[in-house]
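First up is the structure itself, then whatever we jot down about it.
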Amino acid sequence: MSTLVRGLDPATGQLLEVTIDTAITRIDRRPAAPGEAGEAGRELPYLAPGLIDLQVNGFAGIDVNGPEVTAERILEITAVLARRGVTTWVPTVITGSEEAICRSLRAVAEARATSPQLAHAIPFAHVEGPFLSAQDGPRGVHDAAQIRPIDADEAARWQQAGPVGIVTLSPHTDDAPAQIARIVNLGIHVAVGHTHASGPQLTAAVDAGATLSTHLGNGIFPQLARHPNPLWTQLAEDRLTCGLIADGHHLPAETLEVMLRAKGVGRAFLVSDATELAGKQPGRYETAVGGTVELSADGRLSHVGTELLAGAASDVATGLRFVLRATSLSLREALVLVTRTPGAVLGRETTLHVGAPADLVTLDADGTVQCIWQHGTELTPA
């Protein structure tokens, strides 16, 4: 049965009447009446494609990593995120043994095999590590004992276990360009992150095929030279599209503003980098990696007794609201960061058009998600 969804186009203010089943079958546009166009008494929200998050380590008490991961747990995260407006997400497998990485990848593969709709919602996995900097600071909380040199052969073995679409690595070694080129030839996007690489080493990585920066501004030394430093190199490099954690804690508002101005919304996207504690109630929790951590009411996850972050604990919809509240971007511009640009990384045209999967959200002007449809099924917002 077809459903009619009505909302305002964030770019033009026109009224959109979108007919959907599992896909968009018709789009009608007309000028919106005064009450529909965002003035006093407006009844209609804005209409946009479902949100995309390319970096999710876990959510709602479920970890993508670790011995307890299963296809069923991956599907649980899919359902929870969808009710927050995130209709497409990329499970992120962090540094671990090859056996542990492959275990998580097999769970992702099994979840995707459940149905074509779920394969669309979970396009592939992102492996963040183990080919990272071993130095304190850039390494973050990744297990130092499991950090190892870039190995394209190992990446090829990962692909036998599950669908690897992104690999984050640090290109600080002499053989990095050759290894990156081999990984790219496997059909994998290479992202630079958790790195102490020099400017020339970063440029060599891009020349070899690296196209992404993982959570730019994080996974780096807390103190840097004024110039040159890895931030300037990545911000200036137009061949790199960067992920940004916009939870209000990982990047100050003014830093986020400057990064977005430097890259533009066509070369930047928001990620949550959410951990298993995202979506949980505020309080203290015990974790396998970080020990005792505290989740505050405003979503800050920190090591107890310190100011150090212990990961991220919100979703990308929260990041969208923060961008609208704390930067100069309009709703039209901010939505690109969670739809069109990450969609391009996936090789998808993430716009409202006939034939597109019926993954839709309606939103208020402040980015608050009101209603969600995933492959044409209306979901109850979380």
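The values are calculated or read from the model by the stated rules, or taken from the named source; none is laboratory data. Because the structure is predicted, anything quoted here is derived from the model rather than measured. Note that each Cβ is placed from the backbone with ideal geometry, even for glycine, and that neighbours are counted across all protein chains shown. When the accessible area is computed, the model is the full protein with side chains, heavy atoms only, and any ligands, DNA or RNA have been set aside. Shrake-Rupley method; radii C 1.70, N 1.55, O 1.52, S 1.80 Å.
I need the Kirkwood Rh of the range 98-168: take the reciprocal of the average 1/r across all distinct C-alpha pairs and report it in angstrom.
On the way: mean 1/r = 0.0769 Å⁻¹.
Its Kirkwood hydrodynamic radius stands at 13.0 Å.
Rounded to the nearest percent, how much of the accessible area of the range 258-382 (1.4 Å probe, protein heavy atoms only) is carbon and sulfur?
50
Enumerate the calculated ³J(HN,Hα) couplings along the range 371-380 in order (Karplus 6.51 cos²θ - 1.76 cosθ + 1.60, θ = phi - 60°), each rounded to whole Hz, writing x wherever the residue is Gly or Pro.
Whole-Hz 3J(HN,Hα) from phi for the range 371-380: 9, 9, 10, 10, 6, x, 8, 6, 10, 7.
When only Cα pairs under 8 Å and 6 or more residues apart are kept, what is the percent relative contact order across the range 77-221?
With pairs under 8 Å counted, the relative contact order is 23 percent.
At q = 0.19, 0.21, 0.23, 0.31 Å⁻¹, what log₁₀ I(q)/I(0) does a Debye calculation on the Cα points of the range 259-299 give, no solvent, two decimals?
-0.66, -0.71, -0.76, -1.13
Could you give the DSSP H helices of the chain that reach 20 angstrom or more along their long axis (alpha carbon positions) and whose average Kyte-Doolittle hydropathy is no lower than 0.5?
Details: long enough: 98-112 (21 Å, -0.17).
Correct list, ordered by number: empty.
For a quick check of your reading of the filter: which trypsin sites (Lys or Arg not before Pro) in the range 197-276 sit in a DSSP loop and have no more than 14 other Cβ atoms within 10 Å?
ARG226, ARG239
No solvent, one uniform scatterer per C-alpha: report log10 I(q)/I(0) for the range 1-157 via the Debye equation at q = 0.13, 0.18 1/Å, two decimals.
Those come out to -0.74, -1.03, one per q.
Whole-Hz Karplus ³J(HN,Hα) for the range 267-284, in order, using 6.51 cos²θ - 1.76 cosθ + 1.60 and θ = phi - 60°, x for Gly and Pro?
For the range 267-284, the Karplus curve yields 10, 8, 8, 8, 10, 8, 6, 5, 9, 4, 7, 4, x, 8, 6, x, x, 9 Hz.
Just to confirm, what accessible area per residue do you get for the chain at 1.4 Å probe, in whole Å²? Please list the in-between numbers first.
Numbers: 15670 Å² over 382 residues.
With the other protein chains kept in place, the chain gives 41 Å² per residue.
Mind computing the radius of gyration and Dmax over the alpha-carbon atoms of the range 1-85? Å is fine for both.
Looking at the range 1-85, its Cα Rg and Dmax stand at 18.0, 56 Å.
How big is the antiparallel share of DSSP beta bridges in the chain, given as a percent to the nearest 5?
Taking every DSSP beta bridge with both residues in the chain, the antiparallel ones total about 55 percent.
If you take the square roots of the eigenvalues of the alpha-carbon gyration tensor of the range 130-204 and sort them as a ≥ b ≥ c, do you get rounded (a/c under 1.5), prolate (a/b over b/c) or oblate?
oblate
Would you tally the net charge around THR350, using a Cβ to Cβ cut-off of less than 10 Å, leaving THR350 out, and scoring K and R as +1, D and E as -1? Intermediate results must be reported in sequence, preceding the final value.
On the way: positive: ARG340, ARG348; negative: GLU349, ASP359.
Spelling it out: positives minus negatives among the neighbours equals 0.
In Å, the Kirkwood hydrodynamic radius of the range 84-125 over pairs of distinct alpha carbons?
10.9
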